[in-house]
Amino acid sequence: MAGGIFSPLGSCSELEKANCHPLVCLLCHEPYQHPCLLDCYHNFCASCLRGRASDGRLRCPLCGHPSVVRGGTGLPPVDRLLQFLVDSSADSEEDVQCANCDRCCTKTELDTMYFCNTCGQPLCTPCREETHRARMFARHEIVSLSKRTKDIHKKCSLHEEPYIMFSTEKKSMLCINCFRDMQGESRAHCIDIETAYMQGCQRLDQAVMAVKELQTSTREAIVLLKAMIEEVRNSANEEEAAINSLFSRMQEQLSERKKTLLKAVQSQHEEKEKAFKEQLAHLASLLPTLQVHLVTCSAFLSSANKAEFLDLGYQLMERLQRIVKLPHRLRPAQTSKINSEYRAEFARCLEPLLMLSPRRSVVGNASGIGPGITGTNMLPGGQCSKTLMVPSCPPTSDKMSTGPMVKKPTMHRYISTKVLLAEGRETPFAEHCRNYENTYRMLQTEIQGLKDQVQELHRDLTKHHSLIKSEIMSEILQKSLQMDVQIAAHYSAVEMMRSVFEEDWEETYQRVANEQEIYEAQLHDLLQLRQENSCLSTITKQIAPYVRSIAKVKERLEPR
């Protein structure tokens, strides 16, 4: 019936709600029939696992862990321990009859029944007291019915002799013949059955205690993980709400700024177009005047004699000179480029929403790594320390709490410092970074040592419930106070360097600003030269026909 069930089991929460019986298969929900043990220590009936193996591997229906199966059956080995419990459970459900008085006992009376391993028969309480108290039964082994010895456990299957010894080396029971056949060095590992039983019980108790500790830790981990899953869900909801809210506000700000920028672009466009059209109209009215005077000159030269030329020529020349000296706006008064600085405007409108610091600012928030984790939790390899920091810890110094904080987290600062030092430039700030890194690594190592001690003490106190000497806590507290003094001193030393570095940063920023201004001016000058060259080309193309016409007139006048 269960062999055809190939659908995976539900989640672990559904498994907990099922309240499964330890002797019931999780697939067929029936008592185990030939239970098989997988590598993940989950048990299932052989019929439930048959046909599931593929390429010599069988995946657990509960956790998905693959198990290696050998042999042609495609099944893992039978769990002898679970099979024993199943058989014992089946035996306890059978009706038991006393071998002496033939009295039948109900299931509720099984705890009062006994079994004589020597006779191999069950006994009720009255018969045990009346018959098996005689001297002839003094050597009989009488135990409770649940602890009776099966035939398979009484005699050696090889020699048909009762078991008398136990080999701690091979973990097997031995009869007298098995003991005689053993080598001398192996006999040293043999003990009697009763001693082996007592030692085994003690070792089993130790294993049970270890499993109980693991069970307690597992339950605590499950509670913690469930709480963290809920916390992750709440955090995700809060983050989504914050993202949607910020995105909506950004859209509103960008939309408003977009309208403003488009109006500015339209205003610049209308202003520049109006100016260019006025200049174009002026030049368009000037061009016929020039053309008329050029034609007039040509006609005057071709028709006037010397006397007429001397009488009217100078008047014509003065007129032409006055026309040339008039203030003609031949060059564009402004560029055709419309610049709204939209990138800067968009960034400026988003600055309050994103809490962007100014360009020259070096202050920010150092605790942005995450709640409960500070920069000191980050190791150089990018991994996070196992020590949890208390979120509500007060600052150790008023100066350190009120002063500006490092903008970038520890890991980013570590990488940026490595890049700066790798450039090889010997500057005061590079030397400061080199000294700072050495001191910081030393302080970080000592702090990490204190963290490990406190974490181990916390684990001993909560998990192992062991007592802790007050001297140890006092010593750790004293070290912590000393570290606080060292960190405060190092912080003050670094803070004193601020004025020196700010002067260098101011000079560097001013130099960069000047270079940017010069660079923009260079681009503007090149664009202006290009526009002037374009205007010259246009004027040259326009006056070329008049030059050619004048040249033709001059050729006709040359013979005269």
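The values are calculated or read from the model by the stated rules, or taken from the named source; none is laboratory data. Since the model is a prediction, treat every value here as computed from it, not as a measurement. Note: accessible area is taken over every heavy atom of the protein model, side chains too, but ligands, DNA and RNA are not part of it. Shrake-Rupley method; radii C 1.70, N 1.55, O 1.52, S 1.80 Å.
In the context of the full protein assembly, Leu529 retains an accessible surface of approximately 110 Å², using a probe radius of 1.4 Å and ignoring ligands and nucleic acids. For Arg459, the solvent-accessible surface computed with a 1.4 Å probe is close to 100 Å², ligands and nucleic acids excluded.
Note on the stretch 196-316: semi-axes of the ellipsoid equivalent to its C-alpha gyration tensor, largest first and rounded to whole Å, are 106, 20, 6.
Per residue, the stretch 188-268 exposes an accessible area of 82 Å² to a 1.4 Å probe, with every protein chain left in place. Heavy-atom surface analysis with a 1.4 Å probe gives the stretch 305-355 a carbon and sulfur content of 58 percent of its accessible area. Pairs from the table (Lys263/Lys541; Lys306/Lys541; Lys155/Lys212; Lys272/Lys541; Lys171/Lys212; Lys277/Lys325) lying more than 27 angstrom apart at Cα are Lys263/Lys541; Lys306/Lys541; Lys155/Lys212.
Measuring with a 1.4 angstrom probe and ignoring ligands and nucleic acids, Met198 comes out at about 100 Å² accessible. Counted over all Cα-Cα pairs of the stretch 158-205, pairs farther apart than 12 Å make up 60 percent. Among His293, His42, His29, the sequence by solvent-accessible area, most first, with a 1.4 Å probe is His29, His42, His293. Of the three principal axes defined by the Cα atoms of the stretch 433-542, the extents in descending order read 104, 34, 16 Å.
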